[in-house]
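Below: the structure, in structure tokens.
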Amino acid sequence: MAVTYTWTVANTERNLSDGGITVIHWRCTGSETVGEGDDAVTYTASSYGTTSHTPDADADGFIAYDNVTEADAIGWAQAALDQSAIEQAIADKINAEQNPTTGSGLPWAAT
């Protein structure tokens, strides 16, 4: 099965004068379910960050704060990022969780 990615916006910051969004706080979460039924295991990993924006209230297509949708904000954030690199890093984290190469514990406490 493949990793499924979900992009969300946790918060935005804006200019009060024109309603232009200046900062987007985004999160991308990836999940992959391996196995079926009672044996299914879901692995998840995420990345969080911010993007800075310079809105122009006079530009065509400007959307003021009160009319911005989450889809708009996600699109703006993704356009400012290397979306495929972020998603690949999440996929790599999930792969590492599925196929660990290191472990931890106290060998003398194992029973």
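A few remarks follow.
- Hey, ASP60 on the phi < 0 side of the Ramachandran plot, outside any loop (DSSP other than H, G, I, E, B) and surrounded by fewer than 13 Cβ atoms within 10 Å (Cβ to Cβ) or not: no
- Options TYR48, TYR5; residue that is surrounded by 15 or more Cβ atoms within 10 Å (Cβ to Cβ) and of a type in the set (Ser, Thr, Tyr): TYR5
- Residue within segment 69-88 that is at pLDDT 95 or above, of a type outside the set (Asp, Glu), more than 22 Å from the chain's Cα centre (by Cα) and not in a strand (DSSP E or B) present: no
- The set of residues in segment 9-56 being touching a residue at least 12 places away in the same chain (Cβ under 8 Å) and not in a strand (DSSP E or B) consists of ASN15, ASP18, GLY19, GLY20, HIS53, THR54, PRO55, ASP56.
- Within segment 89-111, restricting attention to residues that are exposed (fewer than 10 other Cβ atoms within 10 Å of the Cβ) and not in a loop (DSSP other than H, G, I, E, B), the residue that is farthest from the chain's Cα centre (by Cα) is TRP108.
The values are calculated or read from the model by the stated rules, or taken from the named source; none is laboratory data. Note that the structure is predicted; figures quoted are calculated from it, not measured. No Cβ is skipped: glycine too gets one built from the backbone with ideal geometry, and neighbour counts run over all protein chains shown.
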